[in-house]
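**Student:** Dropping the structure in here first, questions after.
The values are calculated or read from the model by the stated rules, or taken from the named source; none is laboratory data. Quick caveat: nothing in here was measured; it's all calculated off a predicted structure. For neighbour counting, all protein chains shown are included, and Cβ atoms are generated from backbone atoms with ideal geometry for every residue, glycine included.
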Amino acid sequence: MPELPEVETTVRGLSRVLKNRRIERVEARRPDLRRALPHDLGQRLTGANVTELRRRAKYGLINTDRGDTLVFHLGMSGHWRIDPSELGKHDHFILTTDEGHRLALNDARRFGSLDLVRTDELGEWAPFKALGPEPLGLGADELKRRLAGRTAAIKLLLLDQRIVAGLGNIYVCEALYRAGIHPGRAGGSISLERLKRLVRAIHDVLGEAIAAGGSTLRNFASPDGELGYFPKSFAVYDREGQPCQCGGTVRRIVQGGRSTFYCPSCQR
Ligand SMILES: [Zn+2]
């Protein structure tokens, strides 16, 4: 499942062929993904110039000179392909640039989405309105304020998009491990000192993954041109029963219906 670093890597990869280019052709090969595509997608994007690409939480944003932003979400299985040698049945949406690059949004499970939002209204757009701050820009003082009085487990609070936007299960597990914080600890009870370590850990795990993804972009002329997915290694995530480097054993518990991996010796 694509997490923030995959989305960031995808945005950077798309930017290389889309930024400052004109969209020559738009092809929606089905009417919907998770929800219906905007009916006027082709009309509003065809002939528009792409001015900027950005990421917000786990959404990719493609701004045009017509004041529109194409917002994509990769859902469970979505990814963009650049210049695929041939189109497959899961390539649902195709953009062709004035340089002849063909970009295909491939989404086998169709949990992804495409929306067209006026750029100056993005802040008021329903999915963005309640989003908390970006994890990479987050400071410990702000996190402390956001957790104040909260008795829920820190693991669950960090997954709450209203508190921090775009952090997923993998990176929450890894960041809590690096910060030495037990995933079940009540969010509001964690000292500022420990939250500083946590914020640093969040920045580090995301930054390292984005760097790893960036290094795969150099050779993105893979046969498939697939963007955004890269091999990763984790200290605790998906390592139940395996040794921690402290000599202890990684455990798995279920919180809010999802697996948490942690080391009971390192995390208090
Ligand atoms: Zn350990």
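**Student:** Return a yes/no flag: does region 88-101 have any residue that is of a type in the set (S, T, N, Q), more than 20 Å from the chain's Cα centre (by Cα) and not in a strand (DSSP E or B).
**Tutor:** no
**Student:** For A165, which of the numbered conditions (1) farther than 21 Å from R268 by Cα; (2) touching an Asp or Glu at 6+ places or on another chain (Cβ under 7 Å); (3) assigned to a helix (DSSP H, G or I) fails to hold?
**Tutor:** If we test A165 against (1) farther than 21 Å from R268 by Cα; (2) touching an Asp or Glu at 6+ places or on another chain (Cβ under 7 Å); (3) assigned to a helix (DSSP H, G or I), just (3) comes out false.
**Student:** Checking T151 against (1) surrounded by fewer than 21 Cβ atoms within 10 Å (Cβ to Cβ); (2) within 16 Å of the ligand (Cβ to nearest atom), which single condition isn't satisfied?
**Tutor:** Of (1) surrounded by fewer than 21 Cβ atoms within 10 Å (Cβ to Cβ); (2) within 16 Å of the ligand (Cβ to nearest atom), only one is false for T151: (2).
**Student:** Filtering region 226-243 down to residues that are out of contact with any helix residue (DSSP H, G or I) (no Cβ under 6 Å at 6 or more places or on another chain) and on the phi > 0 side of the Ramachandran plot, which residue is farthest from the ligand (Cβ to nearest atom)?
**Tutor:** Within region 226-243, the match that is farthest from the ligand (Cβ to nearest atom) is D238.
**Student:** As an exercise: evaluate P84 against (1) out of contact with any Gly (no Cβ under 9 Å at 6 or more places or on another chain); (2) of a type outside the set (A, V, I, L, M); (3) in a loop (DSSP other than H, G, I, E, B); (4) surrounded by 18 or more Cβ atoms within 10 Å (Cβ to Cβ) and give the number of the one condition it does not meet.
**Tutor:** Only one criterion in (1) out of contact with any Gly (no Cβ under 9 Å at 6 or more places or on another chain); (2) of a type outside the set (A, V, I, L, M); (3) in a loop (DSSP other than H, G, I, E, B); (4) surrounded by 18 or more Cβ atoms within 10 Å (Cβ to Cβ) is unmet by P84, namely (1).
**Student:** Inspect all residues belonging to region 142-163 and state whether any of them is in contact with a helix residue (DSSP H, G or I) (Cβ under 6 Å, 6 or more places away or on another chain), among the aliphatic types (A, V, I, L, M), closer than 30 Å to V50 by Cβ and touching a residue at least 12 places away in the same chain (Cβ under 8 Å).
**Tutor:** no
**Student:** I'd like the full set of residues that are hydroxyl-bearing (S, T, Y) and in a strand (DSSP E or B), limited to region 224-268.
**Tutor:** Within region 224-268, T249, S259, T260, Y262 qualify.
**Student:** Moving to a separate point now. Can you run down the residue pairs with Cβ atoms below 8 Å, 6 or more apart or on separate chains, where the first is in region 244-268 and farther than 20 Å from G187 by Cα and within 11 Å of the ligand (Cβ to nearest atom) and the partner is assigned to a loop (DSSP other than H, G, I, E, B) and of a type in the set (K, R)?
**Tutor:** Qualifying pairs under 8 Å: V250/R239.
**Student:** Kindly indicate which of D91, D32, D65, D83 is on the phi > 0 side of the Ramachandran plot and either touching a residue at least 60 places away in the same chain (Cβ under 8 Å) or of a type in the set (D, E) (or both). So that I can check it myself, show each step before the final result.
**Tutor:** Numbers: D91 fails: on the phi > 0 side of the Ramachandran plot; D32 fails: on the phi > 0 side of the Ramachandran plot; D65 fails: on the phi > 0 side of the Ramachandran plot.
Residue meeting the stated conditions: D83.
**Student:** Would you tally the residues in region 172-193 being surrounded by fewer than 23 Cβ atoms within 10 Å (Cβ to Cβ) and under 20 Å from the mean Cα position of the chain (by Cα)?
**Tutor:** 0
**Student:** Next question, about the same structure. Here are the criteria: (1) within 16 Å of the ligand (Cβ to nearest atom); (2) touching a strand residue (DSSP E or B) at 6+ places or on another chain (Cβ under 8 Å). Tell me which single one R197 does not satisfy.
**Tutor:** (2)
**Student:** On to the next question. What are the pairs, 6+ residues apart or on separate chains, where a residue within region 209-227 that is over 14 Å from S85 (Cβ atoms) and surrounded by 11 or more Cβ atoms within 10 Å (Cβ to Cβ) has its Cβ under 7 Å from a residue that is at pLDDT below 60 and not small (G, A, S)?
**Tutor:** L227/F220
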